[in-house]
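Below you'll find the structure, written out as structure tokens, and then a few comments.
The values are calculated or read from the model by the stated rules, or taken from the named source; none is laboratory data. As the structure is a prediction and not an experimental result, all values here were calculated from the model. Please note: Cβ atoms are built from the backbone with ideal geometry, for glycine as well, and neighbour counts cover all protein chains shown. When the accessible area is computed, the model is the full protein with side chains, heavy atoms only, and any ligands, DNA or RNA have been set aside. Shrake-Rupley method; radii C 1.70, N 1.55, O 1.52, S 1.80 Å.
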Amino acid sequence: MVLQTDHRNNTIDTLKGALIFLVVMAHLLGGSAEQGQVKNIYNFIYTFHMPAFALISGFLGKGRNNLEPYKLTKQILIPLITFNIIYEIINFFLTGDISGYLKIGAPYWIMWFLLSLLCWHVIASILFSLRHPLMISIILSLGFQFIDFSTQTLSIMRTVNFLPYFIMGGVIFKKNIHNNSHNRKILILSLCTSILTLIALSKLTPTIFLYGAFPFSHFETPTAELIIFKLINYIAVPFLVLPLIFLKPTCKTLERFGRKSMNIYLIHGLFILYASSYLNQHGSLLFILAGSVAISFVTCHVLSSTFISVFVDRFFSAVQKNMLSKASH
């Protein structure tokens, strides 16, 4: 689900695989998120899974101050346009109307990440030509959330909210931090501290604040507290991801999920909400949790299969060829 470099990194693929598994699982748990224990798990996942994806995306972007238009078009823009149209068509057939997302000029549901990812690459190319890009991105993120407007439009609020994580990833790569040697005990301590911090945040932070899609004025929680939550999260997430990069964990199954995370991301939304509704209506807490883990694994396994990969590659090749053909006339 990120713009991958030409040379694969097994650790990064493993982390991406774990994150895309959690993305699917969170969407499954969403229908039951008001239940106490489910809500705790759901909130915990949301404290880090998308920020971590943004950070890894920035890491793979290498902190460039120049753009790669062809690569961005092929790997992000074409999938964004294509699947946004697919989701809208399906929505129209099911409801007889265009989606609420289209009515307010927003990407359809999960498509927000691809639009934001495209914007992050463009914004990063500017910020990395300036001094202190991370500080600038954090100031932009905090300041922008004071603005009260239709936050879903073009996914603007989420783009700016998660921008610092993308910039963090670029800074980590540019400073070569990921190649430094570190004490294993310190890394494990950092990892555990970060997890405990994120668990605490998940219990204190309003659920929808974790979506990054709303201004401060949307919440009853005092703005000062929300700012503190954001700043702590800006520290906790890199201290979760960096130790894992240093420790170099690998898992063949998660590597497979990570290599095909884009396929999983694009396609799972076509059916996952129906599975979530079923779990919510027919299951106890144990059934919901066990079912979410099982369905998430099967979904990731099937959507990362060779058959699906070949089909998706051929599909996008045909779409790209068609678009380029029309553009040339």
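Listing for the model above:
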item	result
Full-extension gain in nm, Thr193 to Arg314, via 0.36 nm per residue minus C-alpha separation	39.1 nm
Percent carbon-and-sulfur accessible area, the chain, ignoring ligands, DNA and RNA, probe 1.4 Å	67
Cα gyration tensor shape of the range 191-329, rounded if a/c is under 1.5, else prolate or oblate by comparing a/b with b/c	prolate
Rounded to whole Hz, the Karplus (6.51, -1.76, 1.60) HN-Hα couplings of the range 127-138, x for glycine and proline	5, 6, 8, 10, 7, 6, x, 5, 4, 4, 5, 5
1.4 Å probe accessible area per residue over the chain, in Å²	48
Chain lengthening between Lys321 and Ser217 when straightened (0.36 nm per residue, less Cα-Cα)	32.9 nm
Local net charge near Thr14, Cβ-Cβ under 12 Å (Lys/Arg +1, Asp/Glu -1)	+4
Cβ-based net charge around Lys252, under 12 Å, with every Lys or Arg adding one and every Asp or Glu removing one	0
Per-residue HN-Hα couplings for the range 186-194 [Karplus 6.51, -1.76, 1.60; θ = phi - 60°; Hz; x = Gly/Pro]	5, 4, 5, 4, 4, 4, 5, 4, 5
Contour minus Cα-Cα distance for Ile227 and Glu34 (0.36 nm per residue)	67.0 nm
Around Ile208: net Lys/Arg minus Asp/Glu count, Cβ-Cβ under 13 Å	0
Sparse-neighbourhood loop sites, chymotrypsin sites (Phe, Trp or Tyr not before Pro) in the range 226-294 - DSSP loop, at most 13 other Cβ within 10 angstrom	Phe271
